[in-house]
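**Student:** Structure below; questions to follow.
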C-alpha cells in the first residue's frame, strides 16, 4: 500500500509540472494572439509632465487623422469613465488631476472602436 501511495504522489508531481508548463504555454499563446490583433498602442511615459501618444502598430491601422479620438479618466477604485473635455487628439499630456488614475482613449474609425488603457495609474513624474 505504501508503494502505491508513493507512486501516486510521484504521478501527481509529474502532472503538476506538466500542468504548470501548459499554463505558461497558454499564457504566452494568449499574449501573442492579443498582440496580433492590436492595432494601436501608447507611446510616451505614463507620468505627469510627459505626453501620451496613440500610435499605430499594425498595417491595418487607419490614419489617426481620419479617426475620432476621445480620452477618459478612470478612477482606480471603479471602472466608471470620466470624459476629459477637449481631449480629442492622438496626443494627451496628463494633468495633475490625472495622477493616481488610469487613462483610457477610444479610437473610432469606420464604425469600429478600439480602446486603449494605460498599464497603471498616472505617476507624479518630476513635477510634484
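**Student:** What relative contact order, as a whole-number percentage, does the stretch 48-103 give when Cα pairs under 8 Å and 6 or more residues apart are counted?
**Tutor:** On the way: 70 pairs, mean separation 26.8, N = 56.
48 percent.
**Student:** Now for a separate question. Which residue fluctuates most in the GNM of the chain (Cα springs below 10 Å): 22, 103, 116?
**Tutor:** 22
**Student:** In a Gaussian network model over the chain where Cα atoms closer than 10 Å are linked, find which of 25, 77, 14 has the largest mean-square fluctuation.
**Tutor:** 14
**Student:** Report, in whole Å, the centroid distance computed from the Cα atoms of the stretch 1-28 and the stretch 61-128.
**Tutor:** Cα centroid of the stretch 1-28 versus Cα centroid of the stretch 61-128: 44 Å apart.
**Student:** Moving on. Helix 2-37 sits at what angle to the longest principal axis of the chain, using alpha carbons and giving 0 to 90 degrees rounded to 10?
**Tutor:** In the chain, helix 2-37 runs at an angle near 20 degrees to the longest axis.
**Student:** Run the numbers on the chain and let me know its relative contact order in percent, using alpha-carbon pairs under 8 Å that are six or more apart.
**Tutor:** 24 percent
**Student:** In deg cm²/dmol and to the nearest 500, what is the mean residue ellipticity at 222 nm of the chain if only DSSP H runs of at least 4 residues count, each as -39500 (n - 2.57), divided by the residue total?
**Tutor:** Helices in the chain give a 222 nm mean residue ellipticity of -10500 deg cm²/dmol.
Every number in this text was worked out from the coordinates using simple rules, so none of it is lab data. The structure displayed is predicted, hence computed values, not measured ones.
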